[in-house]
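The values are calculated or read from the model by the stated rules, or taken from the named source; none is laboratory data. Nothing here was measured: the structure is a model prediction, and the numbers come from that model. No Cβ is skipped: glycine too gets one built from the backbone with ideal geometry, and neighbour counts run over all protein chains shown. Areas reflect the complete protein model, heavy atoms only, side chains present, ligands, DNA and RNA absent. Shrake-Rupley method; radii C 1.70, N 1.55, O 1.52, S 1.80 Å.
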Amino acid sequence: MEKSLNKKFGPVGLSLLWIGLCLIFGLIIPALSAGSSSSSEVPFVLQIYNIIGLVCGTFLISLSNTFFFKEWVRRFWYLNGFITLITGGMIAYYVVKMISL
């Protein structure tokens, strides 16, 4: 059971699925808000939430890869580490900026 799950949803497939869902949601937002007022801030806020979800989701996926896909992480540690460091750095930067306001 576990082997078939790993073949269907590997670490790369899981990341690409998440990025694809965020991109689809990002493309749907302007289409849904086409009839709203031009000074409406709702599409802007939804796009920001989409970006926050993309960064946080990618960070959580890269962290969970170390636990669920150990063989893959041993082979491609530099790729998983790079994604974790970049997204974790972005999260840490904005957390520090929010605290220092």
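With a 1.4 Å probe and all protein chains left in place, how much accessible area per residue does region 39-100 have, in Å²?
Per-residue value: 74 Å².
Select from Gly88, Phe69, Phe44 the residue farthest towards the positive end of the dipole of the chain; place +1 on Cβ of Lys and Arg, -1 on Cβ of Asp and Glu, and compute about the Cα centre.
The residue sitting most towards the positive pole is Phe69.
Only helices at least 24 Å long along their own axis, judged from Cα atoms, and with Kyte-Doolittle mean hydropathy of 1.6 or greater: name those in the chain from DSSP H.
In the chain, the long hydrophobic H runs are 11-32.
Determine, for each peptide in 91-97, 40-46, the mean count of other beta carbons within 10 angstrom over its residues, then list the peptides with the highest first.
My ranking of the peptides, most packed first, is 40-46, 91-97.
Leaving out ligands, DNA and RNA, and with a 1.4 Å probe, what % of the accessible surface on the chain is carbon or sulfur?
Here it works out to 76 percent.
For the chain, just list the percent of Cα-Cα distances falling in each 10 Å bin from zero outward, please.
14, 35, 28, 17, 5, 0
Given the peptides 26-34, 72-80, arrange them by the average over their residues of other C-beta atoms within 10 Å, most packed first.
72-80, 26-34
To the nearest 20 Debye, how big is the dipole of the chain about its Cα centre, given +1 on the beta carbon of each Lys and Arg and -1 on that of each Asp and Glu?
The dipole of the chain has a size of about 440 debye.
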